[in-house]
Structures are given as C-alpha cells and as structure tokens.
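Below is one structure, written out as structure tokens; comments come after it.
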Amino acid sequence: MNEKGISLLELIIYIAVFSVVSIVMIQIFLVVLRGRDIANVRFEVSQNMRFATEKIRQAVFDAFSIVVSGSCPLNTLDITTGSATSSFFISGNILKFSNASGTSDITTNKIIATTTPSDCLFSIISNSAPAKSTLQAKLKIVYNNEDGISESQQITVSLR
C-alpha cells in the first residue's frame, strides 16, 4: 500500500532539528542585543565624559581666578569670573555646576561620577616660571545599571 504523509519518527526528527535551529538563532539574537547595549553604554559614558570636561575647560578658560577647596578625593573647584563665583563638585554621584542662578547637573543620573580614592578630583599644579599653573581634573564615569552592564573611563584634563 502506498500511503502519503510523514511518520511519527520523521515528525519528531523535524521538530528536533527545528528546535536546535531556533535555539541557535535566539542565542545569536541575544548576543547581538547585548552587544548593542554595551555599545550604547560606552557611547553614553563617553558623551558624559566629553561634555563634563568641555564644561570644566570652558569655565576655567573664562575664569579670572580658580581655587580648589574641600578635602580629597571629592573636593570642589571654585571659579571666579569678574564678580561672579561658580563651583564644580560631585553630589549624589552626579557632577554638578553651581552659580548665582542655581545648581545644574552636568552628568546624568544613569552614570556615576567619581574619582579614584587615591586621587583628588581637582588639583592645581604649580609650574615653574614662565609657565602658568595648571588645573588637573581626574574624573571617573561609570555606568549605573541594574543589569550589571558597566563601563568606565578615567581622564586627566590639564587646563591653563
């Protein structure tokens, strides 16, 4: 007798092969998603770092005088431009800028702004004449995420 169709054994083999292929495809998809998440984290950390250092660099460039106060590692940078004074400091793991009009966040709450325990956030380095003193900022940005994705960068910015 010539019957058309598939047997139970063939059906089980097809389901097994399809399951293996599906599992492999899902794993590849999850790896791609994880890679995209890590790339986004790195971009956000870099973006926050660039913005923070540029904000500090511009403020110091426009400053009449700068003073570092407070204790290490998280000290404060006080900048005087004319008669106005502004400050850079870290509070609640966010780098902040304070002036007469109020306090604003420089970094986002998705990241942690800090410095290494052995370093001061800000320090003034006295150079021999005729060179001017230099401000050194050591800022570390770490991504703050409950999924365990973290990326950190540390930069030292020297300004005149």
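Couple of notes before you dig in:
- Residue within segment 46-68 that is surrounded by 15 or more Cβ atoms within 10 Å (Cβ to Cβ), at pLDDT below 90, in a loop (DSSP other than H, G, I, E, B) and among the small types (Gly, Ala, Ser) present: yes
- One residue stands out among those in segment 113-122 that are hydrophobic (A, V, I, L, M, F, W, C) and open to solvent by less than 30 Å² (accessible area, probe 1.4 Å): the one that is nearest to the chain's Cα centre (by Cα), which is Ala113.
- Among residues of segment 92-112 being of a type outside the set (Ser, Thr, Tyr) and touching a helix residue (DSSP H, G or I) at 6+ places or on another chain (Cβ under 7 Å), the one that is surrounded by the fewest Cβ atoms within 10 Å (Cβ to Cβ) is Lys110.
- If the condition is being in contact with a strand residue (DSSP E or B) (Cβ under 7 Å, 6 or more places away or on another chain), at pLDDT 65 or above, loosely packed, with under 15 Cβ neighbours inside 10 Å and of a type in the set (Gly, Ala, Ser), then segment 123-160 contributes Ser133, Ser152.
- Neighbours by Cβ (under 8 Å, 6+ apart or cross-chain): first from segment 103-117, of a type in the set (Lys, Arg); second assigned to a strand (DSSP E or B): Lys110/Tyr143
- Hits in segment 1-45 - residues which are in a helix (DSSP H, G or I) and among the small types (Gly, Ala, Ser): Ala16, Ser19, Ser22, Gly35, Ala39
- Checked against (1) free of Cβ contacts under 8 Å to residues at least 12 places away in the same chain; (2) surrounded by 10 or more Cβ atoms within 10 Å (Cβ to Cβ); (3) over 26 Å from the mean Cα position of the chain (by Cα), Lys4 passes all but a single condition, namely (2).
- Pairing each residue of segment 121-143 that is within 17 Å of Gly92 (Cα to Cα) with any residue that is part of a loop (DSSP other than H, G, I, E, B) and open to solvent by 60 Å² or more (accessible area, probe 1.4 Å), provided the two are 6+ apart or on different chains, yields C-beta distances under 8 Å for Leu121/Cys72; Leu121/Leu74; Val142/Ser150; Tyr143/Lys110; Tyr143/Ser150.
- Against the numbered list (1) open to solvent by less than 50 Å² (accessible area, probe 1.4 Å); (2) modelled with pLDDT of 85 or more; (3) of a type in the set (S, T, N, Q), Thr85 comes up short only at (1).
The values are calculated or read from the model by the stated rules, or taken from the named source; none is laboratory data. Treat the numbers as computed from the prediction; the structure is a model and nothing was measured. Neighbour counts are summed over all protein chains in view; Cβ atoms, including those assigned to glycine, are modelled from backbone coordinates with ideal geometry. The accessibility values were calculated without ligands, DNA or RNA, using every heavy atom of the protein model including side chains. Shrake-Rupley method; radii C 1.70, N 1.55, O 1.52, S 1.80 Å.
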